[in-house]
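Each remark here refers to the structure printed beneath this line.
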């Protein structure tokens with residue numbers, strides 16, 4: 001996505017991620033775990049990883065139900081869907 005002049009946060013990227021997450025949840029998507037059990041996709045199944053704390057703050061403001069953090073916060077964790 002095109003933008004310019006952003007250093008530690010990008011409102012443009014936040015809107016793209018928000019749109020993608022909201023569309024995914026609205027679509028009633030499902031995921032299948034390692035035991036071959038299918039579940040509906042929820043906010044808890046999505047991680048959003050951002051490189052800077054300023055970007056994390058913007059994402060949390062726009063998507064308060066989302067699991068958002070830096071790489072350090074989510075190190076060793078996994079989810080059916082991860083946005084980076």
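Name the single residue that is surrounded by the fewest Cβ atoms within 10 Å (Cβ to Cβ) among those in segment 1-57 being assigned to a strand (DSSP E or B) and touching a helix residue (DSSP H, G or I) at 6+ places or on another chain (Cβ under 8 Å).
Start the filter on segment 1-57 by keeping residues that are assigned to a strand (DSSP E or B), which leaves 30-32, 38-40, 46-49.
Among the residues that remain, those that are also touching a helix residue (DSSP H, G or I) at 6+ places or on another chain (Cβ under 8 Å) are: 31, 39, 46-49.
On the way: 31: 14, 39: 11, 46: 21, 47: 19, 48: 24, 49: 21.
Among those residues, the one meeting the criterion is 39.
Given the conditions (1) within 12 Å of the chain's Cα centre (by Cα); (2) in a helix (DSSP H, G or I); (3) more than 25 Å from residue 3 (Cα to Cα), which single one is not true for residue 65?
(2)
Values in this text are rule-based calculations from the coordinates and carry no lab data. Only a predicted model underlies this, so the values are computations on that prediction, with no experimental measurement involved. So basically every Cβ, Gly included, is an ideal-geometry build from the backbone, and we count neighbours across all protein chains shown.
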